[in-house]
Amino acid sequence: MTGLRRKYPDLENKTYRKFMSLNEKILEAHQNKNLSLLVELYQEAAKNVSKAEEENFFLVQAYTFALELSHSQVLFLRRELVSRGVEE
């Protein structure tokens, strides 16, 4: 049983598989230094968690990589983080 399964024992198998697949994609994007893809994947990860703290974590990751690239999502992500009280 993985740490994620221990932490969230009620996670449905379908949701678990989707999240683990997303995790693998994130790891591969990091390995390949595909920052643009990381922006998208971290935004997707934010949509697939249930706690606001986890959602904020993934959005901050997406925002950080978006800033590095001057990605088209920078303004959207900043507004979202400001509205959540995470960014000023």
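Below are the figures for this structure:
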read-out	value
Options Leu22, Leu35: the member that is open to solvent by less than 50 Å² (accessible area, probe 1.4 Å), at pLDDT 95 or above and within 15 Å of the chain's Cα centre (by Cα)	Leu35
Count of residues meeting criterion [among the small types (Gly, Ala, Ser) and assigned to a helix (DSSP H, G or I)] in region 50-88	4
Among residues of region 56-75, those that are without any contact (Cβ under 8 Å) to a residue 24 or more places away in the chain and more than 16 Å from Lys25 (Cα to Cα), counted	7
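The values are calculated or read from the model by the stated rules, or taken from the named source; none is laboratory data. These numbers were taken from a predicted model, which means no experiment stands behind them. Heads up, the Cβs are rebuilt from the backbone with ideal geometry, glycines too, and the neighbour counts pull from every protein chain shown. Ligands, DNA and RNA are stripped out before the accessible areas are found, and what is left, the full protein with its side chains, is counted by its heavy atoms. Shrake-Rupley method; radii C 1.70, N 1.55, O 1.52, S 1.80 Å.
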